[in-house]
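K.L.:
Mind looking over this structure? Questions follow.
The values are calculated or read from the model by the stated rules, or taken from the named source; none is laboratory data. What you see is a predicted model, and the numbers here were worked out from it, not measured in a lab. Positions of Cβ are generated from backbone atoms using ideal geometry, with glycine treated the same way; all protein chains shown enter the neighbour counts. Calculation scope for accessible area: heavy atoms of the full protein, side chains included, ligands and nucleic acids excluded. Shrake-Rupley method; radii C 1.70, N 1.55, O 1.52, S 1.80 Å.
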Amino acid sequence: MYLRTTKRRNADGSEVRYYQLAENVWDPKRRCAVAKVAYNFGRADALDGAVIRRLAKSILRVVGDDTEALLVDAQAEAGGSEIHLRDSWPYGALFVLEQLWKELDIAATLSAAARNKRITQPFERALFAMVANRALSPYSKLYCWEQWLREEVFLPSATELELHHLYGAMDFLETHKAEIEKAVYFKMADLMNADVDLIFYDTTSLHFEVDEEDEAELSHDGRSYEPLRKRGHSKNGRFDAPQIVVGLAVTRDGLPVRLWVFSGETNDVTTIEQVKTDLRGWKLGRCVFVGDAGMNSEKNRRTLGLGNGKYILASRMRAGDEVTADVLPRAGRYHEVAGHLRVKEVIVGDGERRQRYVVCHNPDEEKRQSEYRTKLVTQLEAELATMRPGDGGHTKRVCALIASARYGRYLRQTKAGELRLDRAAITEAGRYDGKWVITSNDDTLSAEDLALGYKQLMRVEQCWRQLKSGLRMRPVFHWRPWRIQAHVSISVLALLLERVAEIRAGDTWRNIVAQLDTIKVVEYERGEARIRQTTEVRREVEPLLRKLGAGTPPKLHSVTSAAPNIEAASPAAHTARA
């Protein structure tokens, strides 16, 4: 049923309008829908508009939508009052994030954990606010509470949040992290039909802008936390600053499975045992662990192989071991694989010492690396030509060239201390152009499958870029170990929501947000009523909402009094929820 207007033009050229209550009915003869009039209200100029408004209000009250009835009532009382637009806030992206938050059962899992501990604090709302802030406007928790929630976003459910609720929610998340991660993983895997045959794992480092390392062990909620901020091998070149090491396991599609936070002095190869132990019992099926060369050690291979575990690991090519001596020089024909990739399988040893390797080769990458090295050698020759005889020893110029990460590997010093090109090193470097070597204990996978499986390890690299750049996982403003771990967990939850949205929409999160930001909530006054309402969804945004499975945003949010003594409301204040 709907109210429609019909028109009739008189002989004198005047036009008369009529109001009718109609519905569309399918006509099998005409094979289309036709309008069937259920009731005629009469001529529009002879009909009292207040009668129609009272009828609409009474219908809405009968069906139970009191808020829309209030809107009709307010419009009826306002009559022809002027509309005063007060404010507006972007709403579409936040609405989608909240729908995904509920769909992945994150809200239900957090609420259940709080009920079990008889916690009445609004921790679920606080955690969603921090996760949404990380995905849309990533700054500090203080900024999230003081600026973002109050002025920049429309989230009425966060009205009662105080700053201590945010910090308390972080402590709550860290205390229940294991059970929350497991519950969210199972829901995500089922909802997204995630392929968990391959689990990709990698680590990165996050440095802190402090001088001193953590020394003392701290306790919280009955648990002891070792010092986290330590100096170690930095992956972003900040060897001068304390850091933490973060490990992340993701699926083939880049969906986060679980994260780990280690002390900054932790080596990559020492993290595998804990990772495998923590993932045991997660029903990952026929899981193949994929890691880079930093994870490859004899101990890790034994650990990963326990319980019929399978792995795909990159191997160092210049370590002087059997890969350098036996695998790379082994003769054999490469097999072509799609995407400018060739593979060659090599078996070393027999029995228990049998090790399966796959040599991968990209001709395009070989050409690029060769051309780049030729360019460096040309620059070196020009640099050496400008040096006078006797410019050797420990001069500043010589030391700078030798210490250079670009040039030093291709130089050697004579007994007199003069620099020369190391032709043997240049030739040796050419052996590795466009090549990488992987090893595996899974004989059911072909060499092509192993190579393509390992190439997808870039998914973790993409996640690191998204966490560090888009989600701004650092700088970290916390110093307590449990708060640091909770901050990383919040960032990864935001990454999970973004990745689900990206997979469903087939687009980047940045482009998704740009489209969703056209959906806004506006606040305006008409007569004595202050109304908050969602703008019309643009036609080009409707398909995106369908892909995301978020539904249509609610049209009306609140109708309140606009009396002069009521203070101008922020998005999170004075809101009568529908």
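K.L.:
Once both labels are modelled 7 Å past Cα along the beta-carbon direction, what's the Glu336-Phe239 spacing in nm?
P.N.:
4.5 nm
K.L.:
Further, regarding this structure: How big is the gap, in Å, between the Cα center of region 148-201 and the Cα center of region 84-127?
P.N.:
A separation of 9 Å, based on Cα centres.
K.L.:
Would you kindly compute the Cα radius of gyration of region 348-387 and its largest Cα-Cα separation (Dmax), both in Å?
P.N.:
Both quantities, over Cα of region 348-387: 19.2, 58 Å.
K.L.:
Right, here's the next one. Counting other Cβ atoms within 10 Å of each Cβ, which trypsin sites (Lys or Arg not before Pro) in region 418-474 have at most 16 and sit in a DSSP loop? Intermediate results must be reported in sequence, preceding the final value.
P.N.:
Details: sites: Arg420, Arg423, Arg431, Lys435, Lys455, Arg459, Arg465, Lys468, Arg472; in loops: Arg431, Arg472.
In loop regions of region 418-474 (DSSP not H, G, I, E or B), the sparsely surrounded trypsin sites (Lys or Arg not before Pro) are Arg431, Arg472.
K.L.:
I need the calculated FRET efficiency for the pair Ser88 and Ala416, taking r as the beta carbon distance and R₀ as 51 Å, to the nearest 0.05. Intermediate results must be reported in sequence, preceding the final value.
P.N.:
Working: r = 75 Å, r/R0 = 1.48.
Between Ser88 and Ala416 the formula returns 0.10.
K.L.:
Here is a follow-up. State whether region 234-281 is rounded, prolate or oblate according to the following rule on the C-alpha gyration tensor (a ≥ b ≥ c being the square roots of its eigenvalues): a/c under 1.5 gives rounded; otherwise a/b larger than b/c gives prolate, and the remaining case gives oblate.
P.N.:
Working: a/c = 2.98, a/b = 1.67, b/c = 1.78.
Oblate shape, in that a/c is at least 1.5 and b/c is the bigger or equal ratio.
K.L.:
Let me have the 222 nm mean residue ellipticity of the chain computed from DSSP H runs of 4+ only, each contributing -39500 (n - 2.57), with the sum over all residues rounded to the nearest 500. Don't skip to the end; give the middle numbers.
P.N.:
Numbers: 17 runs with 205 residues, N = 578.
So the calculated ellipticity at 222 nm is -11000 deg cm²/dmol.
K.L.:
Answer with one residue from Gly506, Ala319, Ala56: the one whose Cα lies farthest towards the positive end of the charge dipole of the chain, charges on Cβ with Lys, Arg +1 and Asp, Glu -1.
P.N.:
Gly506
K.L.:
Dividing the Cα radius of gyration by the Kirkwood radius, what Rg/Rh value follows for the chain? Provide the component values of the computation, followed by the final result.
P.N.:
Details: Rg = 32.4 Å, Rh = 29.2 Å.
Reported Rg/Rh, Kirkwood definition of Rh: 1.11.
K.L.:
Could I ask something else about it? If you count only protein heavy atoms with a 1.4 Å probe, what accessible area per residue comes out for region 303-342, rounded to a whole Å²? Could the numbers behind the result be given before it?
P.N.:
Details: 2340 Å² over 40 residues.
Computed with neighbouring chains in place, this is 59 Å² per residue.
K.L.:
Something else: Show me, for region 320-326, the HN-Hα J-couplings you get by feeding each phi into the Karplus relation (A = 6.51, B = -1.76, C = 1.60, θ = phi - 60°), rounded to Hz, glycine and proline as x.
P.N.:
3J(HN,Hα) across region 320-326, in whole Hz: x, 9, 5, 5, 5, 8, 10.
K.L.:
Out of region 301-375, which trypsin sites (Lys or Arg not before Pro) are coil in DSSP terms and have no more than 12 other C-beta atoms within 10 Å?
P.N.:
Values: sites: Arg301, Arg302, Lys310, Arg316, Arg318, Arg330, Arg333, Arg342, Lys344, Arg353, Arg354, Arg356, Lys367, Arg368, Arg373, Lys375; in loops: Arg316, Arg318, Arg330, Arg333, Arg354.
Qualifying residues, ordered by number: Arg318, Arg333, Arg354.
K.L.:
Using the Karplus curve 6.51 cos²θ - 1.76 cosθ + 1.60 with θ = phi - 60°, what ³J(HN,Hα) values do you get for each residue of region 444-459, in whole Hz, with x for Gly and Pro?
P.N.:
Listing the rounded values in order: 7, 9, 6, 4, 5, 5, 5, 5, 5, x, 5, 4, 6, 4, 4, 4 Hz.
K.L.:
Continuing with the same structure: Can you give the Rg to Rh ratio for region 225-382, taking only C-alpha atoms and Rh from Kirkwood? Can you show the working numbers first?
P.N.:
On the way: Rg = 19.3 Å, Rh = 18.9 Å.
Result for region 225-382 is an Rg/Rh of 1.02.
K.L.:
With every protein chain left in place, what is the accessible area per residue of region 124-174 in square angstrom, probe 1.4 Å?
P.N.:
That works out to 32 Å² for each residue.
K.L.:
What accessible area per residue, rounded to a whole number of Å², is obtained for region 363-436 using a probe radius of 1.4 Å?
P.N.:
65 Å²
K.L.:
Tell me the carbon and sulfur percent of the accessible area for region 140-186, rounded to whole percent, probe radius 1.4 Å.
P.N.:
On the way: 960 of 1830 Å².
Exposed carbon and sulfur together represent 52 percent of the surface.
K.L.:
Continuing with this model, one more query. If I model region 111-164 as equal point scatterers sitting on the Cα atoms and use the Debye formula, what is log10 I(q)/I(0) at q = 0.20 Å⁻¹?
P.N.:
Listed by q, the Debye log ratios stand at -0.68.
K.L.:
Hey, another quick one. How would Asp214, Asp240 rank on accessible area, largest to smallest, probe 1.4 Å?
P.N.:
Sorted descending by solvent-accessible area, the residues read Asp240, Asp214.
K.L.:
Moving on to the next point. Carbon and sulfur together cover what percent of the accessible area of region 384-534 at a 1.4 Å probe radius? Intermediate results must be reported in sequence, preceding the final value.
P.N.:
Numbers: 3710 of 7040 Å².
So the carbon and sulfur contribution to the accessible surface is 53 percent.
K.L.:
Filter the GluC sites (Glu not before Pro) in region 204-246 down to the DSSP loop ones having no more than 14 other Cβ atoms within 10 Å, then list what survives.
P.N.:
Working: sites: Glu209, Glu212, Glu213, Glu215, Glu217; in loops: Glu209, Glu212, Glu213, Glu215, Glu217.
Of the GluC sites (Glu not before Pro), the ones in loops of region 204-246 whose Cβ has at most 14 other Cβ atoms within 10 Å are Glu209, Glu212, Glu215, Glu217.
K.L.:
If you take the charge dipole of the chain about its Cα centre, with +1 on Lys and Arg Cβ and -1 on Asp and Glu Cβ, which of Gln379, Ala93, Gly294 is farthest toward its positive end?
P.N.:
Sorting the options by dipole projection puts first Gln379.
K.L.:
Report the relative contact order of region 92-170, percent, no decimals, based on alpha-carbon pairs under 8 angstrom and at least 6 residues apart. The partial results should precede the final answer.
P.N.:
Numbers: 47 pairs, mean separation 26.6, N = 79.
Relative contact order for region 92-170 comes out at 34 percent.
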